[in-house]
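Worksheet: one structure, shown below.
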Amino acid sequence: MSKKGEMQIEDLPGVGAATAEKLKDAGYNNLMAIAVATPGELVEASGVGESVARKLINTARNNMDMGFSSGIELLEKRGKVRRILTGSNAFDELVGGGFESGSITECFGAFGSGKTALAHQLIINALSIDENGDPQTYGVWIDTENTFRPERIQQICENNGLDPMKVLKNIKVVRAFNSDHQMMCAEKVADLIEEEKIDVKLVIVDSLMAHFRSEFVGRGTLAT
């Protein structure tokens, strides 16, 4: 999906400086975000009327190429997919050669089964470390259960001849304290990439469901 022109949010009909600022603060900082939003979401985010929100969405969609793609285009896109290795040949084989970029992968298992240990290894492997030991890319860790351990990163690095300080510098960690904060942190990853001009190759959320399980109780007792 690509832009037809160079229209910015401020160019949308009915959007002044104040409305544009509200939209950006709520995470709607490009045409794609507007195009895939619902009218209700834009009304809540910016305070505009529903008719204006629908006009914003339609204008954004009309200014973007949101049509069909050919099989050749999809094949070329698939050719750009990277595989992040786990450090275990057997594990890599099980997941088709490593964890796939551009997708969402969920790891689940019993407590103590090694999910967080795997996440620590993956975020190091995602940094595209060159022959001089310098990371070329970044990883982001959204921590919901206080599981990130810099000393574990240090241990893995030392065992593999890497400089832990260089590696830790390229791992961005944020602690999420509830489900709303977690969702906000996920949305802010795009802002982090844009503001700091960094190439983020992997985002880990550990764990994805912890806050939702504790905050939205009673699901198992609902009548069917």
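The values are calculated or read from the model by the stated rules, or taken from the named source; none is laboratory data. Predicted model, so just to flag it, every value in this text is computed and none were measured. As a convention, Cβ positions derive from the backbone with ideal geometry for all residues, glycine included, and neighbour counts pool all protein chains shown. Just so you know, the surface numbers come from the protein's heavy atoms only, side chains and all, with ligands and any DNA or RNA stripped out. Shrake-Rupley method; radii C 1.70, N 1.55, O 1.52, S 1.80 Å.
State which entries of Lys55/Lys172; Lys55/Lys201; Lys77/Lys166; Lys115/Lys188; Lys115/Lys169 exceed 29 angstrom in Cα-Cα distance in the structure shown.
Long pairs (Cα-Cα over 29 Å): Lys55/Lys172; Lys55/Lys201; Lys77/Lys166.
How do Phe91, Phe99 rank by accessible surface area computed with a 1.4 Å probe, from largest to smallest?
In descending accessible area the options line up as Phe91, Phe99.
Please report Rg (one decimal) and Dmax (integer) in Å for the Cα set of the stretch 1-109.
Rg and Dmax of the stretch 1-109, Cα atoms, are 19.3, 56 Å.
Over the chain, with every protein chain in place, what whole percent of the accessible area is carbon and sulfur at 1.4 Å, could you tell me?
Roughly 53 percent of what the probe reaches on the chain is carbon or sulfur.
At 7 Å along the Cα-to-beta-carbon direction for both Ile72 and Phe216, put a label point, then send me their distance in nm to one decimal.
4.3
What's the angle, to the nearest 10 degrees (0 to 90), between helix 179-196's Cα axis and the longest principal axis of the chain?
For helix 179-196, the angle is close to 90 degrees.
Mind checking which of Ser103, Leu202, Gly161 is farthest towards the positive end of the chain's charge dipole, using Cβ charges of +1 (Lys, Arg) and -1 (Asp, Glu) about the Cα centre?
After comparing all options, I get Ser103.
Once you treat every alpha carbon in the chain as an equal point and sum by Debye, what is log10 I(q)/I(0) at q = 0.09, 0.12, 0.16 Å⁻¹?
-0.51, -0.87, -1.22
Which of the peptides 74-81, 136-143, 187-194, 43-50 is most tightly packed, and how do the rest follow, judged by the mean count of other Cβ atoms within 10 Å per residue?
Ranked by mean Cβ neighbours within 10 Å, highest first: 136-143, 43-50, 187-194, 74-81.
Post the alpha-carbon centroid distance, the stretch 166-193 to the stretch 16-55, in whole angstrom.
23
Using +1 on the beta carbon of Lys and Arg, -1 on that of Asp and Glu, and nothing else charged, what's the dipole of the chain about the Cα centre, debye to 20?
380
For helix 150-159, report the angle its Cα long axis makes with the longest principal axis of the Cα atoms of the chain; keep it between 0 and 90° and round to the nearest 10°.
50
Measure of size requested: the Rg and Dmax of the stretch 12-69, with Cα atoms as the atom set and Å as the unit; please supply both.
10.8, 36
If the viscosity is 1.567 mPa s and the temperature 4 °C, what translational diffusion coefficient in µm²/s does Stokes-Einstein give for the stretch 73-161 when Rh comes from Kirkwood over Cα pairs?
Taking Rh from Cα pairs, D becomes 89 µm²/s.
Normalised by the number of residues in the chain, what is the relative contact order in percent for Cα pairs under 8 Å and 6+ residues apart? Present the calculation step by step, with values, prior to reporting the outcome.
On the way: 257 pairs, mean separation 34.4, N = 224.
It rounds to 15 percent for the chain.
With the crude spin-label approximation of a point 7 Å out along Cα→Cβ, what separation in nm comes out for Met209 versus Asn146?
2.3
Have a look at the stretch 142-223 and give its Rg and Dmax from the Cα atoms, expressed in angstrom.
Calculated on Cα positions, Rg and Dmax stand at 16.1, 56 Å.
If r is the Cβ-Cβ distance from Lys169 to Glu10 and R0 is 35 Å, what FRET efficiency results, to the nearest 0.05?
After rounding, the FRET efficiency stands at 0.50.
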